[in-house]
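Working notes for the structure below.
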Amino acid sequence: MENIIDHITDVKDLKKLNYKEKKQLSNEIRKYIIEIVSKNGGHLASNLGVVELTIALHSVFNVPEDKIIWDVGHQTYVHKILTGRKEKLKTLRQLNGIAGFPKIEEDEADCFNTGHSSTSISVALGMAKARDIKKENNNIIAVIGDGALTGGMALEALNDAGSSKTNLIVVLNDNEMSISKNVGGISLFLNRVRSKKLYRKSNNYIKKAVLKIPYLGTKITHIVRKIKYSIKQLFFTNMLFEDMGFRYIGPVDGHDQEKMESIFKIAKDIEGPILIHVVTKKGKGYKPAEENPDKFHSTPSFNIEDGTSKKESKKDYSKVFGDKLVELAKKNEKIVAITASMKDGTGLAKFSKEFPKRFFDSRNSRTTYFGNGSRNGKKWTNSCCTNIFNILPKSL
Ligand SMILES: Cc1ncc(C[n+]2csc(CCOP(=O)(O)OP(=O)(O)O)c2C)c(N)n1
């Protein structure tokens, strides 16, 4: 069969495809991204997870009039391929090559330069307000991961957007992962929401099984229905997003092309802020990345057959920092380490193993833990691990 990916020179070409062709295109995109990242290195797992989601967004919405704001931006390889940058993607992580994140200067389909996480809803709300003042009616869509959603700025923006009547679509791309496994209360909340799907499945299963028992079957079904009602109450009495003023749709299978497109079409006509909860699999379609999504979040070049790294692991800046910190922490028990979901990237994995009680993986870290100073003539130190963000490698 002929390659479809080679004929996508613009999003207009994508809109002509049927679902069968889009399925083929998804496979080709995954293969193409794996080939490039295996040679150049790059963000792999997140991109493999959003293939169908990105196709659905570009099938329903029209960039550049409609604005798609990608949170963090490391998951935009598919978006770049679909918006005419397929060949340029081969220059990823090379001198003067394509940016690994959205870049306004690069293409009009990129409407915001990102890199830092948790900013998309704020940006989208600003764009939506500007649109309203100009009396325009284009769609504004923020795509945010469950990891980025735990950042304070995202919550402030949700709070603000929920109370406004502004038309705004937030797509929550929930893959249960930040860079590593997601942590914290929001992540627990999303686990509960996701289990709604499981609960439905198990309920049908129980119903089918008990109906097979004559007489008793119908009685038990009645009881099951009662239990179902109380479980539903348990799940949805405190539906965070709706309580904040958003209409909530979900959870939706983020690999079901048709379902997602039909939901996005409906969302276009809904007034006010709406949140669509999409569940995806990080690393989808490439076994080593599905099994080790954190390793393949951002990876150096690797062998496609088994996912092993091509580069010898060298002693880089983060490793030197991490080793030195462990050495100092052995002598000074006041030393703690904090990271915002970047244990490996910041060289703190060793520290987390050796001093689990003095290690904090917290998106709250920038405000709570950092700092030293003096009060009433007395010196205080919260942490000797100064701002980790200053030492991040540029690629992160
Ligand atoms: C302010 C800030 N804190 C931390 C990071 C490091 N970081 C990069 S991506 C990411 C979260 C990724 O998780 P998610 O948003 O769920 O996206 P996924 O890769 O799982 O699709 C974090 C915390 C960052 N870029 N900016």
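Points worth noting:
- Theoretical gain in end-to-end length, K311 to K350 [0.36 nm per residue, Cα-Cα removed]: 12.0 nm
- Charge context of F112, other residues only, Cβ under 11 angstrom, K/R +1, D/E -1: 0
- If the segment from K265 to K357 were pulled out straight at 0.36 nm per residue, it would be longer than the present Cα-Cα gap by 28.3 nm.
- Applying a threshold of 32 Å to the alpha-carbon distances of K103/K268; K282/K315; K15/K284; K281/K311; K16/K181 flags K16/K181 as lying beyond it.
- Near D132, once Lys and Arg are set to +1 and Asp and Glu to -1 for all other residues with Cβ below 13 Å from its Cβ, the sum equals +3.
- Cross-link pairs beyond the 28 Å C-alpha cut-off, checked among K39/K357; K88/K350; K67/K165; K88/K129; K86/K319: K39/K357; K88/K350; K88/K129; K86/K319
- Given charges at Cβ of Lys, Arg, Asp, Glu: the stretch 48-185 dipole, positive-most of G147, S59, H79: H79
Read-outs: derived from the displayed coordinates by stated rules, not from any lab. Predicted, not measured: the structure shown is a model, and the values here were computed from it. For neighbour counting, all protein chains shown are included, and Cβ atoms are generated from backbone atoms with ideal geometry for every residue, glycine included.
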